[in-house]
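Below is one structure, written out as C-alpha cells, with a few remarks after it.
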Amino acid sequence: MDHLLVALQGLGLSKSASKVYLSALELGESTASLLARTAQVKRTTLYSILEELKMRGVVAQTRRGKRTLYIAEAPAVLLKRAKEQIDDFQSSLPELEEHRTAVFRRSRVYYLYGPSGFKQLWEKIFESKEKEFRIITQGENFLDYVKERYILNEIIKKKKELNIHSKQLISDSKYARGIIAKDARENRVSKILPPIYKLPFTEITCGNFVAFIAPRFEELIFLIEDEMFARTHRSLFEILWNSIR
C-alpha cells in the first residue's frame, strides 16, 4: 500500500489526496462519510481534498437519489492528466528560462563526489549549450571516476552528437599521445605540456563555470560558477595555449 501512495504522490498528489483517491478506487462508488473512514481523514478535510481531485479530473461526483457519490477515474486517466501538465509546463519552459537568466546570478560553488558527481558534471557541460570547452589535464584522471568505455560511449558520443568542440592542454605521456591521436574524430584539438609539469587536478572551463576534478582517492569535484572567474580562466588558458608551439 505504501508504495502505491508514494507512486501517486510522485504524480503530484498530496499524501492525503493519494489516500482518498486510492480509497475511492477500491470502493468504486462511495459516499463522503465512507471515503473519510476508509482513507482515515477528517470529514471536514475530505471535501477540500475531493475538490482538488475533481479539479484534476480524477474523481467524479454523481447523485443517486438523495445521496452524493464519488467515483475514482481509472489510474490511466491520472497518468494522462500528469502528462498533460508536463506538456503545459514544457511549453512554458522557454519563457521561464528567460526569467531565470534575467535575474542577477550570484557566484556559486558546488561540491560533487565520486562517479555520480563526475557524471553530473558532464551533464551540466552538455546542458550548458556551449559549443566549446577548455581542459587542462594529465589525461588519465578521468579513469579515477569511470571506466574508459563510459568516456567513449557516453561522454565522447554525446559531445559529438551535440557538435561540441574542445581545446586541450595535456601532460605528455604514452596515454596522452593515444588520446591526441583521436583528436580529429573526437572534436578536439590538443597541445602537449612538457612532462615536468604535473597536473594532479584536471581543470575544465565551460561557459560561466570552472570545474576542478581531484585525483584518485579524493574523488572530489568542485565547481565554481561565476562569469568573471570563468572569463579569467579562459584568458589564462589562451595565454598558456599561445605560448606552446
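The values are calculated or read from the model by the stated rules, or taken from the named source; none is laboratory data. None of these values were measured; they are calculated from a predicted model. Ideal geometry is used to build each Cβ from the backbone, glycine not excepted, and the neighbour counts take in all protein chains shown.
Got at least one residue in segment 50-59 being over 32 Å from the mean Cα position of the chain (by Cα) and either exposed (fewer than 13 other Cβ atoms within 10 Å of the Cβ) or of a type in the set (Gly, Ala, Ser) (or both)?
Yes, there is a match, as at least one residue in segment 50-59 is over 32 Å from the mean Cα position of the chain (by Cα) and either exposed (fewer than 13 other Cβ atoms within 10 Å of the Cβ) or of a type in the set (Gly, Ala, Ser) (or both).
Please list, ordered by residue number, the strands (runs of 3 or more DSSP E) wholly in segment 148-226 having 2 or more residues that are more than 17 Å from residue 118 (Cβ to Cβ) and of a type outside the set (Gly, Ala, Ser).
Details: elements: 165-171, 188-193, 202-206, 209-213, 220-225.
Once the strands (runs of 3 or more DSSP E) in segment 148-226 are filtered for at least 2 residues that are more than 17 Å from residue 118 (Cβ to Cβ) and of a type outside the set (Gly, Ala, Ser), what remains is 165-171, 188-193.
So, of the residues in segment 188-245 that are out of contact with any Ser or Thr (no Cβ under 7 Å at 6 or more places or on another chain) and at positive phi, which turns out to be surrounded by the fewest Cβ atoms within 10 Å (Cβ to Cβ)?
217
Per-residue answers, yes or no, for (1) at pLDDT 95 or above; (2) touching a helix residue (DSSP H, G or I) at 6+ places or on another chain (Cβ under 7 Å); (3) within 25 Å of residue 242 (Cα to Cα):
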position	(1), (2), (3)
129	no, no, no
132	yes, no, yes
138	no, no, yes
141	no, no, yes
148	no, no, no
153	no, no, no
156	no, yes, no
165	yes, no, yes
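Could you please tell me which pairs satisfy a Cβ distance under 8 Å, a separation of 6+ or placement on different chains, a first residue in segment 54-76 that is in a loop (DSSP other than H, G, I, E, B), and a second residue that is exposed (fewer than 10 other Cβ atoms within 10 Å of the Cβ)?
Qualifying pairs under 8 Å: none.
Just to verify a result, which residue in segment 19-44, among those that are assigned to a helix (DSSP H, G or I), out of contact with any Ser or Thr (no Cβ under 7 Å at 6 or more places or on another chain) and among the hydroxyl-bearing types (Ser, Thr, Tyr), is surrounded by the fewest Cβ atoms within 10 Å (Cβ to Cβ)?
44
Quick check: is even one residue across segment 171-184 touching a helix residue (DSSP H, G or I) at 6+ places or on another chain (Cβ under 7 Å) and under 26 Å from residue 223 (Cβ atoms)?
Taking segment 171-184 and keeping what is touching a helix residue (DSSP H, G or I) at 6+ places or on another chain (Cβ under 7 Å), we get none.
So far as segment 171-184 goes, no, none of its residues is touching a helix residue (DSSP H, G or I) at 6+ places or on another chain (Cβ under 7 Å) and under 26 Å from residue 223 (Cβ atoms).
So, in segment 61-84, how many residues would count as being over 36 Å from the mean Cα position of the chain (by Cα) and within 22 Å of residue 11 (Cβ to Cβ)? Step through it out loud before you land on a result.
Initial filter on segment 61-84 (over 36 Å from the mean Cα position of the chain (by Cα)): 61-71.
From what is left, the residues that are within 22 Å of residue 11 (Cβ to Cβ) are 61, 70-71.
Qualifying residue count, segment 61-84: 3.
Going through segment 176-194 one residue at a time, which ones are among the β-branched types (Val, Ile, Thr) and without any contact (Cβ under 8 Å) to a residue 40 or more places away in the chain? Before the answer, list the steps.
If we filter segment 176-194 for residues that are among the β-branched types (Val, Ile, Thr), which is where we start, we get 179-180, 189, 192.
Passing the criteria: 180, 189.
Counting only residues that are touching a residue at least 60 places away in the same chain (Cβ under 8 Å) and closer than 22 Å to residue 232 by Cβ, which one in segment 139-175 is farthest from the chain's Cα centre (by Cα)? Don't jump to the end; show me each part of the working.
Within segment 139-175, the first condition is being touching a residue at least 60 places away in the same chain (Cβ under 8 Å), and the residues that meet it are 141-142, 144-145, 167, 169.
From what's left, closer than 22 Å to residue 232 by Cβ: 167, 169.
Values: 167: 26, 169: 29 Å.
Once the filter is applied, the top-ranked residue is 169.
Can you tell me which residues in segment 6-18 are assigned to a helix (DSSP H, G or I) and either closer than 16 Å to residue 56 by Cβ or among the basic types (Lys, Arg) (or both)?
To start, the set of residues in segment 6-18 that are assigned to a helix (DSSP H, G or I) comprises 6-10, 15-18.
7, 8, 9, 10, 15, 16, 17, 18 - these are the residues of segment 6-18 that are assigned to a helix (DSSP H, G or I) and either closer than 16 Å to residue 56 by Cβ or among the basic types (Lys, Arg) (or both).
Starting from segment 107-123, keep only residues that are surrounded by fewer than 15 Cβ atoms within 10 Å (Cβ to Cβ), then list their pairs with residues that are assigned to a helix (DSSP H, G or I) and not polar (S, T, N, Q) whose Cβ atoms are within a distance under 9 Å, requiring at least 6 positions of separation or different chains.
107/227; 107/228; 107/229; 111/117; 115/150
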